Amino acid sequence: MKKVGLALSGGAARGLAHIGVLKALEEEHIPVDMIGGTSMGALVGAIYAKERNASVLEEIAIGVDWRKLAHLVDPNIVPPWKGFVHGEKVKLFLNTLIGGVSFEELGIPFAAVAVDIESLEEIIFDKGSVLEAVRASISLPVIFTPVKWQGRFLVDGGVLNPLPVTVVRKMGAEIVIAVNVSSAIQQKKFQKRTQEEATSPAGATLFSDSERLTDFKRRLDSLLQEKASKFDFIEKVSHFATDRIHIDEKIENLQGPNIFDVLMQSLHATEYELARVAGKLADVVITPDVGDIGAFAFHKGEEAIPLGYAAAKKEMPKIRELVRS
């Protein structure tokens, strides 16, 4: 049979769907002769290349209490402009999953993708420490500090190659199965809420608040003209200020995302387009429907893995035909 290569995309927590794809391939006895991975795809690919058993990955994904992994965040205080998280604790966690294995010791040939952030050069790891390679490949810009390696500073491979089809081709794959868990930019919920607010009773409240402001000014003029009590005036101003604070909070929540939303959406937009183009070079593209799983929802393994499995099963007739032709 022809040599089959598996290209696993980045996608943070959505990458847990890769495990479901691997389960389906094992079930159908489809060989995986080599793996190329970016970011989360590099982590899943590295563990699978070592263990060669999707059930082991599933046990890890479901068995780990991902909410407790917040303790792995080690804020980078000095210098803070290189990234919010230093990543040493994350590296220790990766060591429990991957260990000190080298690429040469893996049961399946594997390659991980990172990027030199200064030269914007793609760096392909296929020799040496697997742990160091995966740590570099998952280094999301701004979130993690870049990984220093041989005089270079490396970040997440998704910056340039979120779906490493070309990498797997160069490894010798005759058939490339790509798994793309990068999701397209969707209309943000706050936009939907804005529209609903404009047509709902709550929206009418915002409109009436404007009328209240006019009314307050009118009453203020009246109070001043009538030389009303100083304390009564302060009380009315206080009530109005309190109302305005609540109104402004509502408007602010509707007007835009926070800095991390902006960062993740920007990265996803770029990765989505790059992955879409890279997918055209693959023989089969498996696209799990993981758009509803948040980038950091690692605790949703029980939801993501079946989605990957179902997507792989859908493409299985084509895969079988290619592999056994």
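The values are calculated or read from the model by the stated rules, or taken from the named source; none is laboratory data. Computed from a prediction, not measured in an experiment: that's the story for all the values here. Virtual Cβ from ideal backbone geometry, glycine too; neighbours counted across all protein chains shown. When the accessible area is computed, the model is the full protein with side chains, heavy atoms only, and any ligands, DNA or RNA have been set aside. Shrake-Rupley method; radii C 1.70, N 1.55, O 1.52, S 1.80 Å.
Quick notes
- Computed from the C-beta positions of Ser119 and Asp289, the FRET efficiency with R₀ = 30 Å rounds to 0.25.
- Full extension of the segment from Ser55 to Glu26, taken as 0.36 nm per residue of separation minus the current Cα-Cα distance, would add 9.4 nm.
- Exposure of Lys280 as accessible area (Å², to 10), given a probe of 1.4 Å and all protein chains: 150 Å²
- For Ile286, the residues 5 or more places off, or on other chains, whose built amide H falls under 5 Å of its own are Ala178, Val179, Asn180.
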